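Shown next, in structure tokens, is the structure this report addresses.
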Amino acid sequence: MTVSLAVQTLATADHRPAIEVVGRLRRSLNAELIGKEDVVDRVIASVLARGHLLLEDLPGLGKTTLAKALAHAIGGEFKRVQCTPDLLPGDITGFSVFNQKTREFEFIPGPVFSDVLLVDEINRATPRTQSALLEAMAERQVTVDNQHHRLPESFFVIATQNPVDHHGTHPLPEAQLDRFAMKLSIGYPDATHEAAMLEAAIGDCCRAPSQFTPVLTPHLLHTLQQDVAAVAVHPSIRDYLVKLARATRSHPKVVLGVSPRGLLVWQRVAQAWAFLAGRKFVTPDDVQETARPVLSVRLGVNPRESETIIDDILRSISVPVA
Amino acid sequence: MRDERGLRSWALSIMVTCAASGIELARDQTYLKVLSTSALFAIAAIIFFPLTNKRPARWSRNFTIAGMVAAGIGLWLHLYEPSGRISTIDVLLLGAAGKLMFVMLSFSWVGRIEWLLAALTAFTITVSTSSVENWDVLIIIAVYLSASVTWTISRLQRDVGFVGLGGWLWRASAVLVVVAGSMLGLAGASTNQLDTSWGFMRTSGGGDEASDSARRGVGQGRDEVAGADAASAGYDQTDRFTESAKDALYDLWVESYGEPSKSEDQQRMIGLKQSEVRIVQGSDRQDLRSGRKFEMRRQPPRGNPSDKETKHPALLFVDGRAPLYLRLRTLEIFDGQAWHESGSVDIPASLTVLKNDTWWSLIDHPDCDAFSDRNVHQIKLASLDTAVIPMPPATRRFNFGRNAKLEFFREQGGGLVGTRRQSLPAGSVWQTDSHTFDLNRLDQSRQVPVSSSAGRWVAEPSISLGVRMLLESTVNDHSAGWRQVTAVANYVRANGQFQHDASIDTPDPIHTFLVDRSAGSSAHFAGATAGILRSLGYRVRLISGLYADEKDRDPGTDQIRVSADDLHFWLEVRLNSGAWMPIEVTPGHELPRPRPSLMAAIGDSLLTIIRTIWQHKIIMGLMLASASVFYFNRFILADMVDLAMWRLRSRRSADQLPCSTMRLIERRAARRGNARPPHETRASWIRQLFNPLPIADFARLYDSAAYGGGVQLHADVVRVICRSAISKSTAAIAASLASIRKDTE
């Protein structure tokens, strides 16, 4: 239909190349995580919003697979940390060793010096070790022996945790949680997609990581992130965000509401969500659709009641209309 | 070819209408309105015709023919009128037909010109409906309005539809609403039906309303008509001011529908010939006085108009409830023919005053069961020359100011209080606190008028045999007491002939008044009643005083002006308790009634409402029918208004059109019980509403307009999308409505 095409053209003409790149990224991730398009979109939104991602779900649902696929699709350096109770901060940030030849201490960078860092089972690390990630996630730098070391601009953390097995785990502190842009649960695939997964596995005994084809470069990702940051947010939408944030702070069941940093993250994620939808402006739908993953990671509430409380908060504020 | 035929019939109809109007103009120059109206429409059509690229369509020709037929009927009615006189109905028929023709022409044109002509039509409809009350004309106007409404609805519904009922049911309802509304307007406008059309009437010259030479109303103002034979070129209050032998159009209207009410400014439009006008000085103050009344209805010639203000200056002014009786003299001595005063007593009045108070109380002020609520009046003396302080009957106390001492007053006899001065100075102000009488209590009262003869005739004073025979049954049928007194009073009131300034100069005025049936004034009514009651042994006295009537209240000052015209007589009968009970027997006068209780007032109001409804049952029925139609079609009517507003907006700007379209859809859905929850975004809400209809284009447009800073599409594309959204939403809302109904059932 001519009119429909015209509207489509209106929405995407300005940043069609970017949309195509994002489309390739989306296809690449969807190929690895079958039947979870909505999760993939949120993951991409988190990446585009320069926000770190916390995947919380049961074992075997593809958390690590998704993280690895994302890391490889972005095309940067990927490193992985398997958190254990005896993991030390230096095992993540790096440490200085004395070089006998040069007679000087030499800094050995840890896995944090990468474009994509997968922190698996993050809640198994001690709080001391978890805290080693605070500076890296917030400021994209680490300080070792009073020396600041910059991390790549595209530095991105994907952390996973298992919500069921609590033995020997250390819940993430609020300060740590606030560094994540969103928390996602992948969930079980439906029967059709599980069957498709089984079919795809036939004859695929051992695919090497090199088989993943990068669809982005860190530089291109940085450009996309800049485009996302430029997505317009109407004043009424900003007011809406502020009202929602204040509602989280006054809700009786919320111990800790959204911080200003969390509000900034929410706006960025909503911008990324609008960008993924091919728009250069944010709508109230973007705000609402990103509310659960963004708020669930940072509201001090019982995780079982999290969704209900977020719905309550969304219902309590009228949507801005024109 | 078809267009050419339409054009020819259009031009022909203009010519016919102009010719018809021209004929009327040549016969009698009273059809100026018809001609000017038709000419205005013709000029408007001619001017705007080249601006439109559309030609009148086929149905315009049919409507044109209909208009011509209507015009022909109007002409026929006029030319074959047996009396040869011009009927106002003809004027309206012809005018309506001409307008109908042009309106129908405008219907068929697509473009802005039709809206312009429709607006002009609406204006003329308003004028017409406010000008007539004949049912035959109403039928024409009803048809006229029905066609307009149908056309308007079809225009509004085009492409988008209405939410709710389908078919012709709601259209018929809407037409019924408009027709019933116009009927109501006509019925309600019956008293002021000419107000609106007044501006179309010709004036008689002599200057316009702003001219100094224009007279300020009939018989008033400084530009007075000189002489009894002065002529006016126009209509006036009396026929003698009409110069032309022919009836003016105004006269025809007035004969048919009565004199219109009009403001003073409009009155001033009635000008006069300058040669017949002379300046009368010194009457400006009366003109400027607030509350001056104009007599608007056509009155028979009254000779020199009686001006109460110039004949009788104000005696005093009363501030308070009316009517109010003010006692000036008590006449207690009756010799069978005349009443006389008993004479004043030059002793200090039996008054008492509370300490530090200025209110004086009468010491021997007996109580009465019939006393009801109390009223305080403020009275200001103007030009009354009296030494008696005029006070109402049953005055409980009065206040003459702080400087009044006991020595200032004197007993005047008969319950009157006077002053020791010769007369009260003009400008004196006093307050009275008096009772009203509740006559309903008299039957149960133990205080009764006592007859010394048990209600039988006594020898003195002598009443003529004729009067006795006349009242024989009245007297004998009632035992002594209130019933007998009331029966006599009622008889006199019912059988006497009242004339304000009547005089009876006979030796036996009671006989002349009652037996010979001569007209009498209040003095004769009261005197006759008092005389008869005195002859029946009751102790009665005649009171003369002033009667402050409500009709003399000045709306500007809220005071009642009392003049010599208000001199009045009534009587008082003495009760066994010593109190004096006033009795009013003169027709047109009544004792002040007590204020009704709350329940009585509510009951009276309800009765009044019921009575009013019954008196106007047709109008009320129409109103009820209209209200019902409005109520049951309120969603559709609101939908029509919304659609009309949306169409108007859609012509202006495409940028905000998606937003206004979204608002319209939301309102329509809300009316049908499918309102958007405030926390739900419009885009997600409308996706649910439209499911499974595709709506993505419109949702994108709305988001762009609302949050993206505007729409970058061509305006026509935007309009197409928005119109499509309205159309789809109509179906979606109707479907959801049907679903709701199904669930309910």
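The values are calculated or read from the model by the stated rules, or taken from the named source; none is laboratory data. Model, not experiment: these values are computed from the prediction. With ideal geometry, Cβ positions are generated from the backbone for all residues, glycine too; neighbour counts draw on all protein chains shown. These accessible areas exclude ligands, DNA and RNA; they are computed on the full protein's heavy atoms, side chains included. Shrake-Rupley method; radii C 1.70, N 1.55, O 1.52, S 1.80 Å.
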ask   = Between residue A:255 and residue B:614, how many nm apart are label points set 7 Å from Cα along the C-beta direction?
value = 7.9 nm
Translational D in µm²/s for region B:553-672 (Stokes-Einstein at 10 °C, 1.306 mPa s, Kirkwood Rh from C-alpha pairs) = 72 µm²/s
key: Residue-normalised accessible area of region A:122-257, expressed per residue, 1.4 Å probe, Å²   = 55 Å²
query = For region B:541-568 and region B:622-665, what is the separation of their C-alpha centers, rounded to whole Å?
reply = 58 Å
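Counting Lys and Arg as +1 and Asp and Glu as -1, what is the net charge of the other residues whose Cβ lies under 15 Å from the Cβ of residue B:696?
Here the charged neighbours net out to +2.
Using the Kirkwood formula over every pair of different C-alpha atoms, what hydrodynamic radius in Å results for region A:136-268?
19.6 Å
Just the ratio, please: alpha-carbon radius of gyration of region B:649-688 over 2.2 N^0.38 Å, N its number of residues. Before the final figure, lay out each step's value.
Numbers: Rg = 11.2 Å, N = 40, 2.2 N^0.38 = 8.9 Å.
For region B:649-688, the normalised Cα radius of gyration comes out at 1.25.
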query = Tell me, what is the 1.4 Å probe accessible area of residue B:384, in Å² to the nearest 10?
reply = 30 Å²
ask   = Which residues' amide hydrogens lie under 5 Å from the amide hydrogen of residue B:373, considering only partners 5 or more residues apart or on another chain, with H built in the peptide plane?
value = B:436, B:595
ask   = Per-residue accessible area for residue B:616 at 1.4 Å probe radius, Å² rounded to 10?
value = 80 Å²
key: Square roots of five times the Cα gyration tensor eigenvalues for region A:219-290, Å   = 25, 13, 9
inquiry  = Binning at 5 angstrom from zero up to the longest distance, how are the C-alpha pair distances of region B:626-681 distributed in percent?
reply    = 4, 18, 22, 20, 16, 13, 5, 2
key: Between region A:20-88 and region A:223-248, the alpha-carbon center distance in angstrom   = 24 Å
ask   = So what are the ³J(HN,Hα) numbers for region B:519-535, from phi and the Karplus equation (6.51, -1.76, 1.60; θ = phi - 60°), rounded to whole Hz, Gly and Pro as x?
value = 5, x, 8, 5, 5, 6, 4, 5, x, 5, 4, 4, x, 5, 5, 4, 6
task = With no solvent and one equal point scatterer per Cα, compute the Debye intensity ratio I(q)/I(0) for region B:368-478 at 0.12, 0.19, 0.22 Å⁻¹ and report its log10, rounded to two decimals.
result = -0.68, -0.98, -1.15
ask   = When only Cα pairs under 8 Å and 6 or more residues apart are kept, what is the percent relative contact order across region A:50-184?
value = 36 percent
task = Taking all protein chains together and a probe of 1.4 Å, list B:516, B:565, A:115 from the most accessible to the least accessible.
result = B:516, B:565, A:115
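Of all alpha-carbon pairs in region B:503-556, indicate the percentage at a distance above 19 angstrom.
In whole percent, the long-distance tail amounts to 42.
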request  = Hey, can you grab everything whose amide H is under 5 Å from the amide H of residue A:297? Only 5+ residues off in sequence or another chain; H modelled, so Pro and N-termini drop out.
outcome  = A:183
message = Could you report the accessible area of residue B:566 in Å², rounded to 10, computed with a 1.4 Å probe on the protein chains as they sit in the structure?
response = 20 Å²
message = Charges at C-beta only: +1 for Lys and Arg, -1 for Asp and Glu. How large is the resulting dipole of region B:599-745 about its Cα centre, in Debye rounded to 20?
response = 240 debye
query = In what order, largest first, do B:357, A:120 sit by accessible area if the probe radius is 1.4 Å?
reply = B:357, A:120
query = With no solvent and one point per C-alpha, what does the Debye sum give as log10 I(q)/I(0) for chain A at q = 0.06, 0.09, 0.14 Å⁻¹?
reply = -0.22, -0.50, -1.17
Exposure ranking of A:169, A:308, B:661 by accessible area [1.4 Å probe, largest first] = A:308, A:169, B:661
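Would you mind giving the total buried accessible surface between chains A and B, with a 1.4 Å probe and ligands, DNA and RNA left out, rounded to the nearest 100 Å²?
Buried: approximately 2100 Å² between B and A.
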P(r) histogram, all alpha-carbon pairs of region B:597-745 included - 5 Å bins from 0, percent = 2, 8, 14, 16, 14, 10, 6, 6, 6, 5, 5, 4, 3, 1, 0
task = Using a 1.4 Å probe on the heavy atoms of the protein chains only, list every residue of region B:704-720 that has 10 Å² or more less accessible area in the complete assembly than in its chain alone.
result = B:704, B:706, B:707, B:708, B:712, B:713, B:717, B:720
remark   = Looking at region A:287-322, residues buried by 40 Å² or more relative to their chain on its own, accessible surface at probe 1.4 Å, turn out to be A:315, A:319, A:321, A:322
remark   = Quick calc: nm separation of the 7 Å Cα→Cβ label points for residue B:350 and residue B:632 -> 7.6 nm
task = Distance from a point 7 Å along Cα→Cβ of residue A:243 to each backbone N in region B:640-679: keep the residues under 13 Å and list them by number.
result = B:678-679
